[in-house]
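To keep things clear, I will list the structure first and then write my remarks on it.
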Amino acid sequence: MTILEVLSAAAGYLKDHAVDSPRLNAEHLLAHVLGMKRLGLYLEFDRPLADIERRRLRSLVRDRGAGKPLQHLLGTAEFVGRSFLSDKRALIPRPETEQLVELFLRDPRSQRAGTKVLDVGTGSGVIAITLALQLPQAVVRGTDISCEALSLARENASRHSLNGKIISAEADLFPPGDDVFDCVIANLPYIASDEIRALQREVRHDPLVALDGGPDGLRLVSRLIECAAARLAPDGLLALEIGHQQAGRVLPRLAARGYREIAVHKDYQNVERFVWASAPEPSEAGENCSDTASKKGYLSPCD
Ligand SMILES: C[S@@+](CC[C@H](N)C(=O)[O-])C[C@H]1O[C@@H](n2cnc3c(N)ncnc32)[C@H](O)[C@@H]1O
């Protein structure tokens, strides 16, 4: 069979197994098997495939049809035009989060020389790494409660030649100590616990700790709002990604905590997805989350 014939058959199989964009998925998987760029397939439609290539593709297509995410099969995910390692250790980066980063880069506070940025819940490291690459003058740190995610974040930092440049540490939200940050950016888990079962089968391949936002979805976001008040520099920026229909509950919490210049931005689906706020007056600072003892016991300690 030729590349074109195999692609049609694979796309048909994926369509029958309820995979969105079946042809595109088939193209990505075949390009992966052949070690070429996806668009390169178009130049070789008539090339016959070797048995071994067809066998490798068949196995990937079967896994994709069973709901394994494309990014896990490829081992990589794209984020703001760069390629990152992606596997079950951390959440697959989402397109909305690319927009969070784009909005963040438009805020003048991200552009100041020496600005200190903390990416809370860094996961695969895509936010921190993208920011470190785009803002070479910034000092970027990341935290995560998951050792597995941190190990992937470190591999990704090394993939982008940033070893030692981004300090990523195990922490419950904020690193121990009382360092303050000019900007805190976070895409924390925000799905209500009882909604997780109903999610798309692909999403269930993401770690639970990356999804579960507690009974109302806002357990971590609320704690972050509380603790960031004491960990932001004067006029510091808090930039958050939240779930749809959560803005109405998040904005009052920010206001009650004394944050200023609170704003909400919509994503490309017209969903109120991103919340921006400036640090409260220093007199409002309270708990600073430097105590990691409240770690919830999802995972064993990092090596
Ligand atoms: C939705 S994922 C986002 C990952 C990555 N920032 C991204 O946007 O692709 C949330 C991340 O927060 C981490 N997390 C959950 N609870 C945490 C906590 N208490 N402190 C720090 N990180 C936490 C999870 O392990 C996960 O990596």
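The values are calculated or read from the model by the stated rules, or taken from the named source; none is laboratory data. Keep in mind the model is a prediction, meaning the values are calculated, not measured. Methodologically, a virtual Cβ is constructed for each residue, glycine included, from the backbone with ideal geometry; neighbour enumeration extends over all protein chains shown. Accessible surface areas use protein heavy atoms only, side chains included; no ligands, DNA or RNA. Shrake-Rupley method; radii C 1.70, N 1.55, O 1.52, S 1.80 Å.
If you check LEU237, LEU232 for being touching a helix residue (DSSP H, G or I) at 6+ places or on another chain (Cβ under 6 Å), touching a residue at least 40 places away in the same chain (Cβ under 8 Å) and away from the ligand (no atom under 12 Å from the Cβ), only one passes: LEU237. In region 117-135, is there at least one residue being assigned by TED's automatic domain parsing to the domain that holds ASP216, open to solvent by 60 Å² or more (accessible area, probe 1.4 Å) and touching a strand residue (DSSP E or B) at 6+ places or on another chain (Cβ under 7 Å)? No: region 117-135 contains no residue that is assigned by TED's automatic domain parsing to the domain that holds ASP216, open to solvent by 60 Å² or more (accessible area, probe 1.4 Å) and touching a strand residue (DSSP E or B) at 6+ places or on another chain (Cβ under 7 Å).
Using the structure shown, decide if VAL19 is part of a helix (DSSP H, G or I) and among the β-branched types (Val, Ile, Thr). For VAL19, the condition - part of a helix (DSSP H, G or I) and among the β-branched types (Val, Ile, Thr) - is not met. For region 199-229, how many residues meet the condition of being closer than 17 Å to ARG253 by Cβ and either touching a helix residue (DSSP H, G or I) at 6+ places or on another chain (Cβ under 8 Å) or assigned by TED's automatic domain parsing to the domain that holds ASP20 (or both)? Here the count works out to 10. Scan region 197-228 for residues that are farther than 18 Å from ASP144 by Cβ, among the hydrophobic types (A, V, I, L, M, F, W, C) and at pLDDT 95 or above and the total you get is 2. Per the conditions (1) farther than 24 Å from GLN200 by Cα; (2) crowded, with 18+ Cβ neighbours inside 10 Å; (3) away from the ligand (no atom under 16 Å from the Cβ), the sole criterion not satisfied by THR2 is (2). Grab the strands (runs of 3 or more DSSP E) fully contained in region 69-163, keeping just those with 1 or more residues being more than 15 Å from the ligand (Cβ to nearest atom) and modelled with pLDDT of 95 or more. Per the criteria, 116-120, 139-144.
Could you look through region 1-45, keep only residues that are polar (S, T, N, Q) and over 29 Å from the mean Cα position of the chain (by Cα), and pick out the one that is nearest to GLY67 (Cα to Cα)? Checked region 1-45; the qualifying residue nearest to GLY67 (Cα to Cα) is SER8.
As for region 172-179, it holds at least one residue that is touching a Lys or Arg at 6+ places or on another chain (Cβ under 9 Å), in contact (Cβ under 8 Å) with a residue 12 or more places away in the chain, surrounded by fewer than 19 Cβ atoms within 10 Å (Cβ to Cβ) and closer than 25 Å to SER278 by Cβ.
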